[in-house]
């Protein structure tokens, strides 16, 4: 209800300020709410991230990664957690309930959203520098932003982190080093 009142107030304010302009005609048409939602929705990613990190740490879980995907008025907030021995359904439920409650109390997400909490899976993503040290010796696949000798996608055995570079024994190429900041996506490649 509070949000609807705010939109009505904003709409009446803009009508007074823009009587003869294009804003006035947009507000009079059926599309004006869509117009405002497109402008007004902005996620406070830092605040959302701090809430997720705080809850994961309190529950002694590793926050692997979180992301918001989809349209701003109906997106999916995905959280990936882990712990030694793997996470249980109960761990995911606990984080989901706590994060959902705090996000609602803080009113950080003004629209509908779907909250998903899960393990990173068998082919977990590598997001932090520490991941490249922790999973040294594993097979990985990764994609980089700038081609290296005409190639952007690599598979091979992860050697580790050397300074700011990820060292990889790439299939068909041998040892290479890729700047960490050029990696767009990286995952462990499960061997059957």
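The values are calculated or read from the model by the stated rules, or taken from the named source; none is laboratory data. Keep in mind it's a predicted model, so treat the numbers as computed, not measured. Backbone-built Cβ (ideal geometry, glycine too); neighbour counts: all protein chains shown.
Say whether the condition of being outside any strand (DSSP E or B), buried (at least 18 other Cβ atoms within 10 Å of the Cβ), in contact (Cβ under 8 Å) with a residue 12 or more places away in the chain and in contact with a helix residue (DSSP H, G or I) (Cβ under 9 Å, 6 or more places away or on another chain) is met by at least one residue in the range 119-131. Within the range 119-131, one or more residues are outside any strand (DSSP E or B), buried (at least 18 other Cβ atoms within 10 Å of the Cβ), in contact (Cβ under 8 Å) with a residue 12 or more places away in the chain and in contact with a helix residue (DSSP H, G or I) (Cβ under 9 Å, 6 or more places away or on another chain).
Output the number of the condition that residue 100 fails; it satisfies all remaining conditions of (1) in contact with a strand residue (DSSP E or B) (Cβ under 7 Å, 6 or more places away or on another chain); (2) in contact (Cβ under 8 Å) with a residue 40 or more places away in the chain; (3) closer than 18 Å to residue 69 by Cβ. Single failed check for residue 100: (2).
Screening residue 178 on (1) within 22 Å of residue 65 (Cα to Cα); (2) free of Cβ contacts under 8 Å to residues at least 24 places away in the same chain shows it passes everything except condition (2).
Exactly one residue among 160, 156 is surrounded by fewer than 17 Cβ atoms within 10 Å (Cβ to Cβ) and at positive phi, and that residue is 160. Give me the residue from the range 73-91 that is surrounded by fewer than 18 Cβ atoms within 10 Å (Cβ to Cβ) and over 16 Å from residue 122 (Cα atoms) and, out of that set, nearest to the chain's Cα centre (by Cα). So the residue we want is 78.
Restricted to the range 43-69, and to residues there that are outside any helix (DSSP H, G or I) and in contact (Cβ under 8 Å) with a residue 24 or more places away in the chain, the residue that is surrounded by the most Cβ atoms within 10 Å (Cβ to Cβ) is 64. Residue count for the range 70-86 under the criterion of being touching a helix residue (DSSP H, G or I) at 6+ places or on another chain (Cβ under 9 Å) and in a loop (DSSP other than H, G, I, E, B): the result is 3. Checked against (1) assigned by TED's automatic domain parsing to the domain that holds residue 70; (2) touching a helix residue (DSSP H, G or I) at 6+ places or on another chain (Cβ under 9 Å); (3) exposed (fewer than 15 other Cβ atoms within 10 Å of the Cβ), residue 102 meets all criteria but (3).
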